[in-house]
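None of the figures in this text is laboratory data; all of them are computed from the coordinates on show. Computed from a prediction, not measured in an experiment: that's the story for all the values here. Positions of Cβ are backbone-derived with ideal geometry, glycine not excepted, and every protein chain shown enters the neighbour counts.
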Amino acid sequence: MSTAPCDPFRPVAHLRPPRNWINDPNGLVFHDGHYHVCYQYNPYGTTHANMHWGHFRSPDLLSWEPLPIALSPTPGGEDADGCFSGNAVSDGDRLVAFYSANRWERWHQPVTTATSLDGGRTFTPRGELLVPEPPGGCTMYRDPYVWRHGDGWRMLVGAALADGRGAALLYESPDLDTWTYLGPFDAREQQPVGGTDLHTGEGWECPQYLPASSEGPGALIFSAWNERDEARCVAALIGAEHGDAFEAGPPVLADHGPDCYAPALLRAPGGRWLLWGWSWEAREESWVLADGWSGMLTLPREISVDADGTLRQQPAAELFALRGEHTVHTAGEVHGPEPVELGGVGRAFDLTARLEPSGSAGLRLLTDPDGSEYLDIRVDTATGELVVDRDHSSLDPRAHGGTYRMPCPAGQPVELRVVVDHSVAEVFLTSTGQVLTLRFYPTGDGPWRLQARSAPDARLGYTVDAWALQPLVIKEPSADAP
């Protein structure tokens, strides 16, 4: 069943339950003909507490069925204070979830499991820890990621080491039950990521492994964690396995925006890999409490690594089916200072653009009648960057601002795909495979519209198409689903 959003900021094409808090995507797996997407979930409110695993499944990424809560804390058990992040694997008839068992009196989150034999409708907890103690020299330990390796299995666990390095620790198993520690898969002191002020963090959360293929090298993706309240980011190391270690070059950003964290991988049929991330709120908590929900998952993205080591992401091909009415179809040129009106768009749309700028120029999404509230997406040819500026995107002072950038090729047209869904924008640079995710909260009641704009000394040639973004189909939940 498709439903209209309860408020102007609730997404229609991004996966989340009807209410309450969500964060990390967990347990992403294709099993028994369905994509399974779990997520950190608080069934009781809009704050990070009472961590369960909520659960959706879909045959096609478009129609989603809420399933009963997959994992719940066991009173008095090893996970009594929360079933924290991890992943899941399909092993014959079994769906096996690996997760971090949280007890507040422990500094670490050891690994445990739960198993489903009915397609994910119910899970039986192991009842004891799978890996009771971390290796020596750890100061943080959590978030298992398991994958099939030859005739057996391998597992990464995110860690911080006492010598100051962040790490992904490697284990192996013949049967998913008995695990042997092999050492750090990769471990590094803090390094700048992609030439930015961001760095690889004190520890690595939610490590994910995209193995090398015939098309290109592999990628180790992790979320850079800092105990102090510093900026966090999602980084990727591009390289290849050599024995029990991953040899890679310098870190790059997996998402250039401020509002994507803890992404997780799913190995889909046909050798395709998909990725979902958590897009947190960029507004003050009092606003979230009033609305009764917090967080969403990003769009599912196809992710790969080119032969030259370029990490590429694009919306999953299935999402083309969410394109509805063709609202904008235009081409032309603008030479400042007067902008060109391109047409109206709704609060949820899928846009493609080809921009040929000379100087600073791009698109503006205006969200109130007088034009004082807007989101800018422009090319800065002087710095060779695509700039997304949300400093004027909400007239409400409780919304966060900021300007964010990603490199774009110089001296050639810029190809974009932008998906906007009420309070989230995902901006894809088609030519390079880069992506930038951010949240924004327009207050205007009037129709949204697009403009082409350029600086007074610049010129912009453009071709722009936009389609209304149709909602996902969310089936009626069963009585015990979230």
Tell me, how many Å apart are the Cα centres for segment 1-60 and for segment 130-146?
27 Å
Students often check this: by mean Cβ neighbours within 10 Å, which of 451-463, 9-21 ranks highest, and how do the rest follow?
9-21, 451-463
Peptides ranked, highest mean first, by Cβ atoms within 10 Å: ranges 353-365, 293-305, 380-392:
293-305, 353-365, 380-392
Whole number please: convex hull volume per residue, Cα atoms of the chain, in Å³.
140 Å³
Structure-based [θ]222 nm, the chain - -39500 (n - 2.57) summed over DSSP H runs of at least 4, per residue, nearest 500:
-500 deg cm²/dmol
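Which order do MET140, MET155 fall in if you start with the one that has the fewest other Cβ atoms within 10 Å? Can you show the working numbers first?
Details: MET140 22, MET155 29.
Ascending number of Cβ neighbours within 10 Å: MET140, MET155.
By how many nm would the segment from ASP370 to TRP287 lengthen if fully extended, with 0.36 nm per residue of separation less the alpha-carbon distance? Working shown, then result.
On the way: separation 83, 0.36 × 83 = 29.88 nm, distance 2.48 nm.
Value of the extension gain: 27.4 nm.
Can you tell me which of 36-44, 48-56, 402-410 comes out highest on packing, and rank the rest after it, using the mean Cβ neighbours within 10 Å? Before the final figure, lay out each step's value.
Numbers: 36-44: 23.3, 48-56: 21.6, 402-410: 15.9.
Put in order of decreasing packing, that is 36-44, 48-56, 402-410.
Between LEU62 and ASP244, take the C-beta separation as r, use R0 = 41 Å, and let me know the FRET efficiency to the nearest 0.05. The partial results should precede the final answer.
Values: r = 40 Å, r/R0 = 0.97.
According to the calculation, E is roughly 0.55.
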Per-residue ³J(HN,Hα) for segment 206-217, Karplus 6.51 cos²θ - 1.76 cosθ + 1.60, θ = phi - 60°, Hz, x for Gly and Pro:
6, x, 9, 10, 9, x, 4, 9, 5, 7, x, x
